Amino acid sequence: MRFLATAEQREFARTLDALLGTCGTPAVARAWAAGEHKPGRELWARIAAAGVFALAVTERHGGLGPLPVELALSFVELGRHAVPGPLAETVAAAALLERLGESAAAQDLLPRIAAGDAVVSLCARGPYAVDADAADTVLVVEGDTVRRTDAHGPMQTSLDPARRPARPLGGGEVLATGPAVAAAGAHAVDVARLVTAAQALGVGRALLAETVSYAKQRTQFHRPIGSFQAVKHRLADTLIGLEFAQPLVYAGALAVASDAPSAGREVAAAKVAAGEAAYAAARTALQVHGAVGYTAELDLSLWIRKARPLRDAWGTPAECRARVLAAF
């Protein structure tokens, strides 16, 4: 099994990184958290023009995929730049619709998702849909039924203010029923876990890079704090966690790409490793930078506050570990 990205895949990731680096994503994330979605929708359109959402949609619906490996690489960059919005949910919704066949909803939504014209939230695990107020539609999977609704309850607070959940209300258009819905929903959850793991990996790498840079600049006793052994060890542990998570994310992407029977376990393992590594990176960044009050004033806080919600999104570490161990 090959875990190294091809030259073409690496170039795609570099291009997306360069694009996002010019978009002022911290300001976009702050606006999104304040309920101003226009800058986020403009950024969404630029990401779509780069082909990111098309990677989740088949060619017959105007996409390029599904290409889970390229999606994982894309979401690492989206996490690295703290892009707000229901990114994983939209991609997972595309995976759900593709598995449900040539329904009217698929014909309507999939081309729009690929083009970046539709922001979709998905409620397939638990009672909440992320960023339902900013989504064009919400898909709700309940057992063997999937329905489409635009109605939702009040938005809830979250550790990440740019990622707020809401409870979808009942009713709406029933899109499909039957055993195929449950299977499609399970596949959508695996896709959501995969790209969330990749997003967490990107968040962790951004946190580590910023913390290393700060440790080289801040001095104590006339020496950079990065020269102290305790700080070195903390940063090294953070790097090791991220390095160990990366091949698991790629393995999960390859398993989803081949529709392997082990895909669910591979993705769950990736989700645990990447989520825990990103959370450890956030704790390291917080400690090295000094204090909560200080870091809250920095753009760094946007990444710190993403790590914990991403760790628990689409399956807590305990749930994902149980999924892995269920095979043994």
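Checking the conditions here, which among 51, 62 is within 26 Å of residue 266 (Cα to Cα), touching a helix residue (DSSP H, G or I) at 6+ places or on another chain (Cβ under 9 Å) and surrounded by fewer than 20 Cβ atoms within 10 Å (Cβ to Cβ)? If you could, list the steps in order and put the result at the bottom.
Details: 62 fails: within 26 Å of residue 266 (Cα to Cα).
Residue meeting the stated conditions: 51.
For residue 146, indicate whether it is under 22 Å from the mean Cα position of the chain (by Cα) and of a type in the set (A, V, I, L, M, F, W, C).
No, not satisfied.
So, of the residues in the range 149-191 that are among the acidic types (Asp, Glu) and closer than 22 Å to residue 85 by Cβ, which turns out to be farthest from the chain's Cα centre (by Cα)? It would help to see each step written out before you state the result.
Keep residues of the range 149-191 that are among the acidic types (Asp, Glu), which gives 150, 160, 173, 190.
Right, trim to closer than 22 Å to residue 85 by Cβ and you get 150, 160, 190.
Details: 150: 22, 160: 13, 190: 12 Å.
Restricting to residues being among the acidic types (Asp, Glu) and closer than 22 Å to residue 85 by Cβ, the top hit is 150.
Just to verify a result, which residue in the range 162-191, among those that are outside any helix (DSSP H, G or I), surrounded by fewer than 17 Cβ atoms within 10 Å (Cβ to Cβ) and among the aliphatic types (A, V, I, L, M), is modelled with the highest pLDDT?
174
Among the listed residues 218, 234, 265, 321, identify the single one that is surrounded by fewer than 21 Cβ atoms within 10 Å (Cβ to Cβ), over 23 Å from residue 87 (Cβ atoms) and at pLDDT below 95.
Sole residue among the options that is surrounded by fewer than 21 Cβ atoms within 10 Å (Cβ to Cβ), over 23 Å from residue 87 (Cβ atoms) and at pLDDT below 95: 218.
Taking the range 133-147 as the region of interest, how many residues are buried (at least 18 other Cβ atoms within 10 Å of the Cβ) and touching a residue at least 40 places away in the same chain (Cβ under 8 Å)?
So the count comes out to 5.
Tally up the residues in the range 132-152 that are more than 27 Å from residue 116 (Cβ to Cβ) and of a type in the set (Gly, Ala, Ser), please. Before you say what the answer is, go through the steps one by one.
Residues of the range 132-152 that are more than 27 Å from residue 116 (Cβ to Cβ), as a first pass: 142-145.
Keeping just the survivors that are of a type in the set (Gly, Ala, Ser) gives 143.
Qualifying residue count, the range 132-152: 1.
The values are calculated or read from the model by the stated rules, or taken from the named source; none is laboratory data. Values in this document were obtained by computation on a predicted structure and should not be read as measured data. Every residue, glycine as well, gets a Cβ built from its backbone with ideal geometry; the counts of neighbours run over all protein chains shown.
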